[in-house]
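Trainee: Pasting in a structure now, in structure tokens, and then I'll have a few things to ask.
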Amino acid sequence: MTKTALLISTYNWESALDLVLQSVELQSIIPFEILIADDGSGESTRNLILNWQNKSSLNIKHFWQEDDGFRKTIIMNKAIAESISDYIIQIDGDIIMDKDFIKDHLKYRKKGFFINGSRALISESNTKKIIASGILNMNEVSKNVKNKINATRFPLASFIFRKDHYKSDNVKGCNFSFWKKDFIEVNGYNNEMNGWGHEDIELAARLNNLGIKQRRLKMVAVCYHLYHKYCDRKNELKNLTIYQEIVKNKIIRTNSGMLD
């Protein structure tokens, strides 16, 4: 049986992370491991995770690094390196999952592919209400979302939208899954991509260059993104340039990644 890890990236938003973990408990299939990749959060996040580890049957593992700017790729690499699972399903710490999110990723996984899913956007006002409540209510979560089709789970119609192709520029790490073996072959995330932007499409491009196709999903693997203000994007252009070089030169392995 394939062991599966759910990888959750987080930074100093423990109220959102708490809701995410509540949605993990509601899953129709519970992942073997929960890997929390923490890019330097403070004591409140640590205490929240400790509380969950003590009260829940979920197998939660917390990976933390000192806060020294946006270094998400480094802590993600560390978490995956220490995982004992074969398959990694990745979300952000502000993503609330439909109860069949894990089930759908596992159903549609296939050797030679990574999965790129969609997410529905929760409005600012509804995000405030959900956060204030602190108790996950999926009926409330699904209210007033943008891009309604992304909030609709309809497996019988999902094949209409499904695409299996070489593509990287539309990948979002908030709904993304891959085989750990493939991740190791490309040496994981590129640790030189500090600051927000394009780390997921850069990884996907190297997977493409390895011969791994994208499987694009809609109307399955449904998830909801809590509203927040944009991160500082001062490094976006630098990271985009790295991505473009990966595509142009068909580079497979990063020289600064998981095994370095």
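Trainee: Residues ASN190, ASN255: which one is surrounded by 17 or more Cβ atoms within 10 Å (Cβ to Cβ) and either of a type outside the set (Val, Ile, Thr) or closer than 27 Å to ASN150 by Cα (or both)?
Mentor: Details: ASN255 fails: surrounded by 17 or more Cβ atoms within 10 Å (Cβ to Cβ).
So the residue among ASN190, ASN255 that is surrounded by 17 or more Cβ atoms within 10 Å (Cβ to Cβ) and either of a type outside the set (Val, Ile, Thr) or closer than 27 Å to ASN150 by Cα (or both) is ASN190.
Trainee: Looking at region 194-246, which of the residues that are surrounded by fewer than 16 Cβ atoms within 10 Å (Cβ to Cβ) and free of Cβ contacts under 8 Å to residues at least 40 places away in the same chain is nearest to ASN126 (Cα to Cα)?
Mentor: LYS229
Trainee: Would region 211-223 turn up any residue that is under 28 Å from LEU259 (Cα atoms), β-branched (Val, Ile, Thr) and either out of contact with any Leu (no Cβ under 9 Å at 6 or more places or on another chain) or modelled with pLDDT under 95 (or both)?
Mentor: Within region 211-223, one or more residues are under 28 Å from LEU259 (Cα atoms), β-branched (Val, Ile, Thr) and either out of contact with any Leu (no Cβ under 9 Å at 6 or more places or on another chain) or modelled with pLDDT under 95 (or both).
Trainee: Which one of the conditions (1) under 21 Å from SER133 (Cα atoms); (2) touching a His at 6+ places or on another chain (Cβ under 7 Å) does ILE89 fail to meet, given that it meets all the rest?
Mentor: Failing condition for ILE89: (1).
Trainee: Within the bounds of region 113-122, is there any residue that is assigned to a helix (DSSP H, G or I) and either at pLDDT 95 or above or within 16 Å of THR4 (Cα to Cα) (or both)? Show your work before the answer.
Mentor: Narrowing region 113-122 to residues assigned to a helix (DSSP H, G or I): none.
No, region 113-122 contains no residue that is assigned to a helix (DSSP H, G or I) and either at pLDDT 95 or above or within 16 Å of THR4 (Cα to Cα) (or both).
Trainee: To continue, here is another question. Specify the residue that is modelled with the lowest pLDDT; the eligible residues are those in region 141-184 that are under 15 Å from LYS107 (Cα atoms) and of a type in the set (Ser, Thr, Tyr).
Mentor: SER158
Trainee: Considering each residue of region 74-95, count those that are over 11 Å from the mean Cα position of the chain (by Cα) and either part of a strand (DSSP E or B) or on the phi > 0 side of the Ramachandran plot (or both), and give that number.
Mentor: Initially, region 74-95 is screened for residues over 11 Å from the mean Cα position of the chain (by Cα), giving 74-75, 77-87.
Subsequent filtering for residues that are either part of a strand (DSSP E or B) or on the phi > 0 side of the Ramachandran plot (or both) retains 87.
Counting residues in region 74-95 that are over 11 Å from the mean Cα position of the chain (by Cα) and either part of a strand (DSSP E or B) or on the phi > 0 side of the Ramachandran plot (or both) gives 1.
Trainee: So which of PHE70, PHE63 ends up being within 26 Å of GLU185 (Cα to Cα) and modelled with pLDDT under 95? Outline the logic, then answer.
Mentor: Details: PHE63 fails: modelled with pLDDT under 95.
Answer to the check: PHE70.
Trainee: Going by what's in this entry, would ARG215 be described as in contact with a Phe, Trp or Tyr (Cβ under 7 Å, 6 or more places away or on another chain), of a type in the set (Lys, Arg) and on the phi < 0 side of the Ramachandran plot? If you could, list the steps in order and put the result at the bottom.
Mentor: Working: in contact with a Phe, Trp or Tyr (Cβ under 7 Å, 6 or more places away or on another chain): yes; of a type in the set (Lys, Arg): yes; on the phi < 0 side of the Ramachandran plot: yes.
Yes: the conditions hold for ARG215.
Trainee: Of all residues being outside any strand (DSSP E or B) and of a type in the set (Gly, Ala, Ser) in region 7-41, which is nearest to LYS103 (Cα to Cα)? Just the residue, please.
Mentor: Pass one, region 7-41, residues outside any strand (DSSP E or B): 11-32, 39-41.
When the remaining residues are screened for being of a type in the set (Gly, Ala, Ser), the result is 15-16, 23, 28, 40-41.
On the way: SER15: 25, ALA16: 22, SER23: 13, SER28: 7, GLY40: 31, SER41: 30 Å.
Across region 7-41, the extreme among qualifying residues is SER28.
Trainee: Among the residues of region 34-55, count how many are of a type outside the set (Asp, Glu) and in contact with a helix residue (DSSP H, G or I) (Cβ under 7 Å, 6 or more places away or on another chain).
Mentor: Here the count works out to 8.
The values are calculated or read from the model by the stated rules, or taken from the named source; none is laboratory data. Bear in mind the structure is a predicted one, so any value in this text is a computation, not a measurement. As a convention, Cβ positions derive from the backbone with ideal geometry for all residues, glycine included, and neighbour counts pool all protein chains shown.
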